[in-house]
Each structure stands twice: as structure tokens, then as C-alpha cells.
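A short write-up of the structure that comes next.
The values are calculated or read from the model by the stated rules, or taken from the named source; none is laboratory data. Model, not experiment: these values are computed from the prediction. Reconstructed Cβ throughout: ideal geometry from the backbone, glycine too, with neighbour counts over all protein chains shown. Protein only, heavy atoms only, side chains kept; ligands, DNA and RNA dropped before computing areas. Shrake-Rupley method; radii C 1.70, N 1.55, O 1.52, S 1.80 Å.
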Amino acid sequence: VSQLKIRIIQAFFVYYLFGQLCFAIAKNVTQRKQLENQKEELFAEISKINQDLENFARMASHNLRSPVANILGLFDLIDYSEIENKDTLNIINLIKKSTQKVSATLEEYINELVKKETHPQLNIQEIRISECLNIVIQSVSGLINQNNAKIEQDFTAFDKIDFNKSYFESVLLNLLTNALKYKKPKSDPQITFKTICNGNIKQLEVSDKGIGLDLERFKNKIFGLNQTFHGNKDAKGVGLFLVKKHITDMGGDITIESKKNEGAKFIITFKS
């Protein structure tokens, strides 16, 4: 017997006993309670995921510092005058620059984690999108050259935003490497970074001409943790999750427009 039926029976029983007219108002709140419980469970799950990610970032950052520092030390032992092949020398310099970038990024992450533990507010500053993108491009220049990728930049609408620098470079890095990873077979990747203004709304579009996604099938999973869509063995389903988290932490939002075999466009909307 439902709760509503029980309430009605109780009302008629009271009337029968006392001979008085009795009004009963019943409302089934089962569905609302279920939704509230689901929300609480989802919030608890997201909180746990965030805590696990922070613990992983802390552990990884600290554990990687020593081997990265050791690699940088080995570069100082190389006698570059004995290297006659210019291509070899150039590759070594690229590896060294990439390692230095990894070291600097690790230090930034560690500092951000320490600040977050002592001061909950993230370090937000005015940064240039072009400068951040050039830093990211330099850090993965080998991968870009290997794929013969063409990267276009158009920041005429605006180039400055208020954002956490480490977060923003992480966003650009994940979107760039994602576009390289999912390029069309036997074709050179074409990736465009462009800022646009819609009234007071500032947006950054990151588009490519890769293999794209079936949004009707995956729309609600794009930015989920551990979600992969193309069977790529290197995909871990973490990159886009971090992109979404970094942007929403800064008060912004990100959406995607895509069709299978027609590329993808990520649209980042910054906090007004």
C-alpha cells in the first residue's frame, strides 16, 4: 500500500471514530528524497575523486623531482664541443629544454599544492594567452614536428585573461596533445587557437580537423574521469577531465562541438 493510500485510510478512520470532518493532505516525497540521496552520493563521489587527484598530483610531483633533477645534472656533464652532428646536438637541446620545462612545471604544481593547503584561494593573475601557448608549444615541439602539425593563432579579439597560470597551461597542453593524438590517419594535424568576444563574454576556441566524436553517443561522457572514446591504447581518460576541472575552478565553462570525421571544437568561456 502506498504512503498516500495509508494517509487517506487514516483520515477516514479518525472521522469514523470521532464523527468529525477531518481534512488530510498527503504528499509523496519518495522521489524527491531519492534525488536528494543521489545528489549527496554524487557530491561525495566527486569530492573523493578530487581528493584522490590532489593526492596523486602531490605524490607524483614530489617523486618525480629527484629523477628530473638528476637528468638535468647529466646534461651538465655532456661535452657539447665533441658533438659534431648538428641534428644530434639540436635533439639534445630540445630534450634538455623539455626536461627543464617538466622541472619548472613540477615546482609550480608543488607550490600550488602548498598554497592551497595553507591558503584556499588559488593564485590568479593576469596572463597572456599567446605567451602560455608558446610555452606549451615549445614543451611538446618534438611531438608537433613528428606529426608535421600546423598550429594557427588568432588572439586579436583579446590576449589577456585573469587565470591561474599553471591551470591554464595545463588546459592548453591537454587540448593541444588531444588534437595531435586524434588526428586523421595519413594527414597533417591542423589546430587553431582563436579568441572571440560575444558582448561581455570572452571565449577561446580550440579547433582541429581530426577524427572528431559522435556527440549523440558520448555527449554526457566527454569530460568524465576515465572516459575514452576511440580505443587509443595511450588514452587514460584524465586529460579532458582535468581541463574541465581547471576551467570550472576558475569560474568558467567549456563545451564541445564535434561530428565524427569532421574534427572538434572546444569552446572555453571565461568568467566575466
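Kindly check whether there is at least one residue in region 209-226 that is among the acidic types (Asp, Glu), surrounded by fewer than 16 Cβ atoms within 10 Å (Cβ to Cβ), outside any helix (DSSP H, G or I) and at pLDDT below 90.
Narrowing region 209-226 to residues among the acidic types (Asp, Glu): 214, 216.
From what is left, the residues that are surrounded by fewer than 16 Cβ atoms within 10 Å (Cβ to Cβ) are 214, 216.
Subset that is outside any helix (DSSP H, G or I): 214.
Within this subset, residues satisfying the condition of being at pLDDT below 90 are 214.
Yes, region 209-226 contains at least one residue that is among the acidic types (Asp, Glu), surrounded by fewer than 16 Cβ atoms within 10 Å (Cβ to Cβ), outside any helix (DSSP H, G or I) and at pLDDT below 90.
Condition first: over 12 Å from ILE191 (Cβ atoms) and out of contact with any strand residue (DSSP E or B) (no Cβ under 8 Å at 6 or more places or on another chain). Now tell me which residues in region 127-142 satisfy that.
Restricting attention to region 127-142, the residues satisfying the condition of being over 12 Å from ILE191 (Cβ atoms) are 127-132, 134-135, 138-139, 141-142.
GLU131, CYS132, ASN134, ILE135, GLN138, SER139, SER141, GLY142, listed by residue number.
Residue-by-condition table, conditions (1) open to solvent by 20 Å² or more (accessible area, probe 1.4 Å); (2) farther than 22 Å from LYS271 by Cα; (3) free of Cβ contacts under 8 Å to residues at least 60 places away in the same chain:
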| residue | (1), (2), (3) |
| --- | --- |
| ASN164 | no, no, no |
| PHE168 | no, no, no |
| LYS181 | yes, yes, yes |
| ILE191 | no, yes, yes |
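Tally up the residues in region 166-208 that are at pLDDT 90 or above and small (Gly, Ala, Ser), please.
2
Anything in region 137-162 that is at pLDDT 90 or above and closer than 16 Å to THR105 by Cα? List them, or say none.
Answer for region 137-162, where residues must be at pLDDT 90 or above and closer than 16 Å to THR105 by Cα: just ILE137.
To keep it simple, each residue is scored yes or no on (1) modelled with pLDDT under 65; (2) open to solvent by 100 Å² or more (accessible area, probe 1.4 Å); (3) hydrophobic (A, V, I, L, M, F, W, C); (4) in contact with a Cys (Cβ under 9 Å, 6 or more places away or on another chain).
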{"position": "ILE25", "(1), (2), (3), (4)": "yes, yes, yes, no"}
{"position": "GLU40", "(1), (2), (3), (4)": "no, yes, no, no"}
{"position": "GLU45", "(1), (2), (3), (4)": "no, yes, no, no"}
{"position": "ASN55", "(1), (2), (3), (4)": "yes, no, no, no"}
{"position": "ARG58", "(1), (2), (3), (4)": "yes, no, no, no"}
{"position": "SER66", "(1), (2), (3), (4)": "yes, no, no, no"}
{"position": "ASP76", "(1), (2), (3), (4)": "no, yes, no, no"}
{"position": "ILE83", "(1), (2), (3), (4)": "no, no, yes, no"}
{"position": "ASN134", "(1), (2), (3), (4)": "no, no, no, no"}
